[in-house]
Each structure stands twice: as structure tokens, then as C-alpha cells.
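A short worksheet on the structure shown next.
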Amino acid sequence: MYEKFEKLIVVGVLLLSIIATGIMTLSKKEDQKSNLVIIVNNKVVKKIPLNKLNESKTYEFNFNENIGYVQVNNGRARMVEMEYKICPKSICSDTGWIQVAYQSIVCLPNQIIVRIEGAKDDEIL
């Protein structure tokens, strides 16, 4: 008699855990939106939605009477290299692609920050 009762308890606990996992999975948003934010002189000049599609698009933004370019591709972004007289060391373009919320691209000579916001599932590994 105790064996049947113990088996019922184990099956019940397993069912409850499967149901709880399913509820948590369904309640979680499938595709959390994240945005690429471009900040110049501490002011947001552009917000670009990052999508996971396989399309490449280049966005331009103005800063200090110049034009900068950010390339977005497959949910990630990078700064396009600027002329030597505008950004002599090109550290911002050498940073490469960013794709998660804790990453950013910084251009100190021009006071530009490019960062990703809004992806809450991204964790530092």
C-alpha cells in the first residue's frame, strides 16, 4: 500500500514540476526587443531596433558637424571606420561587433557611445 502511495506522490510531483516549467516558459516573452542606442555628448541621437533577421543595414548619425555610420546585421552592430582626421586611432571601429546588452562601443575623441539596451536575458558569462 505504501509503495502505491509513494509512486503517486512521485508522479504528482513530476507532473507539477512539468506544469510549472511549462507555465514559466509560456509566460516568458518569446522575442525580447533590444535597441541600439547612439549617444553623442550625453544626448541620445538615435535608437535603432535590433532584429534577428539576416539583413544588413547602415545607419548614419550626426556628431560635431560630421557624419558617423553604424552597421547593423543579424542583431549585432559595429561602428564603420571614420576618417583619420575625425578619429585618429580608430579604436571605436576596431572594437568590432557588439550583440549583447553589456557591450558598448566608445569613441572618446568625439564623445560617442554606442550601446545595446533592453535585452534582459543577456547575462555576463
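Test K52 against the criterion of being at negative phi and modelled with pLDDT of 90 or more, and give yes or no.
no
Report, by residue number, each residue of the stretch 87-106 that is part of a strand (DSSP E or B) and either without any contact (Cβ under 8 Å) to a residue 12 or more places away in the chain or surrounded by fewer than 18 Cβ atoms within 10 Å (Cβ to Cβ) (or both).
S104, V106
Could you list all residues from the stretch 56-84 that are of a type in the set (S, T, N, Q) and out of contact with any Phe, Trp or Tyr (no Cβ under 6 Å at 6 or more places or on another chain)?
Scanning the stretch 56-84 gives S56, N62, N64, N66, Q71, N73, N74.
Just to verify a result, which residue in the stretch 83-107, among those that are at pLDDT 90 or above and aliphatic (A, V, I, L, M), is farthest from S56 (Cα to Cα)?
Here the residue is V106.
The values are calculated or read from the model by the stated rules, or taken from the named source; none is laboratory data. Predicted, not measured: the structure shown is a model, and the values here were computed from it. Cβ coordinates were reconstructed from backbone atoms using ideal geometry, including for glycine residues, and neighbour counts include every protein chain displayed.
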